[in-house]
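These notes are about the structure you will find just below.
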Amino acid sequence: MNNPDIKIAHINTAEKLKNPIDKALVHEVVQRNVNQTLKIYFRFQQEWVNRAYKVFNDFDTYIILIYLFNKVYQNYSDRFHYMSMDAFFEQEQITIDKLNLIEISKDLNIPKETVRRKINYLQSHDIIARKGKIIYINNKALEIQKPTESINGIASVLANMSNYLAAEEWFGEAVPKEKIVSFIQEHFTVCWEYFYRFQIPYIIRHRSYFGDVESWNVWGSIGLVQIRSLIQESENALEKPALKSHLDFYLAFLKHKAKRGINASSISDISSIPRATVIRKLKSLEKNKHITRNKKLEYSIGNSREHIKGIEKNYLTTQEQFSGYITTMFNLMKHSKFNL
């Protein structure tokens, strides 16, 4: 991490932002445009989660790997440093000091034995190496984790969000996707630390609720069919429904009855999770009343009281934190020493 050939710049974190954007105002704008902003958000998340699964055909292994990468990004921030994307991924190996399985297990809410198995898998495939409490992220991991597609995806989301925010005087001009991509690439370790600060807890919340990420992804594939149907119908309606908040949208989602559900084969195709695994997860989700099944073996979201409340809490937390992430990124771009 002290390679003299790598350009590292210092960040003056003591300097206060000038006229920072207010998260509460951002959240208000996002909610006022809830149909469109959620359509953009859910599309990105489904694509990101599906790509994450494909890396190892296992979510927990991927979560642990990105957690290790975020430890590196946090280490840079703690030392008031940042690196560009090119500089970061040109490294041969990166060292993480003083990290043990108990810490990983606690932070990710994944059982210690599961963490041990996944760490052993990463070691056996030369993705990481361990020596006591020191973990080395190898070049193979750097090749796997270079997030070119994810940067393009989140830049599209942020650019679209900026179009809605630009209607407000306090925000200023919208920021085009190309500038956002360039900004993230130039200030990569800072930007990606904030991305993972949002994304890792988001995944862990749903893993904790459903028991595993595969079950959540199967459930999410079903939910997205319902969400897209709701958005399409509300956009086509002569009298637009009064959806002015995330809670309004959630309640409308629960009441909405899509004309079609989705079957196991389609879920497998979308998620890349093997069909046999999808079927197992569907049986468990149906047993716990998270989903319902019709005579055509198509699945829809369940509406048991316990399920509705549990999902509502996660959903509202996620949207609140996503507004926080949006605010942080535009403050970095518009009101920090990194400004565009």
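The values are calculated or read from the model by the stated rules, or taken from the named source; none is laboratory data. Please read these numbers as outputs of a predicted model, since none were measured by experiment. FYI the Cβ positions are ideal-geometry reconstructions off the backbone, even for glycines, and counts take in every protein chain you see.
Key figures
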| item | result |
| --- | --- |
| Strands (runs of 3 or more DSSP E) completely within the range 60-167 that count 2 or more residues being over 27 Å from Ser323 (Cβ atoms) and touching a residue at least 60 places away in the same chain (Cβ under 8 Å) | 93-96, 134-138 |
| Residue in the range 143-155 that is under 30 Å from Gln93 (Cα atoms) and more than 17 Å from the chain's Cα centre (by Cα) present | yes |
| Any hit, the range 35-50, residues being hydrophobic (A, V, I, L, M, F, W, C), over 19 Å from the mean Cα position of the chain (by Cα), modelled with pLDDT of 95 or more and closer than 22 Å to Asp248 by Cβ | no |
| The listed residue being among the polar types (S, T, N, Q) and under 21 Å from Ile267 (Cβ atoms), out of Ser208, Ser215, Ser150 | Ser215 |
| Condition check for Asp126: touching a strand residue (DSSP E or B) at 6+ places or on another chain (Cβ under 9 Å), at pLDDT 95 or above and more than 16 Å from Ala52 (Cα to Cα) | yes |
| Residues within the range 291-318 that are touching a residue at least 60 places away in the same chain (Cβ under 8 Å) and either exposed (fewer than 13 other Cβ atoms within 10 Å of the Cβ) or over 18 Å from Ile203 (Cα atoms) (or both), tallied | 4 |
| Qualifying position, being over 18 Å from Gly211 (Cβ atoms), touching a residue at least 60 places away in the same chain (Cβ under 8 Å) and polar (S, T, N, Q), among Ser272, Ser268 | Ser272 |
| Hey, Gln199 out of contact with any His (no Cβ under 6 Å at 6 or more places or on another chain), buried (at least 21 other Cβ atoms within 10 Å of the Cβ) and not basic (Lys, Arg) or not | yes |
| Matching entry among Glu193, Glu173, Glu149, Glu214 (being modelled with pLDDT of 95 or more and farther than 24 Å from Asn50 by Cβ) | Glu173 |
| The range 26-48 residues that are outside any helix (DSSP H, G or I), paired with ones that are at pLDDT 95 or above and not polar (S, T, N, Q) (beta carbon under 7 Å, 6 or more apart) | Asn33/Tyr164 |
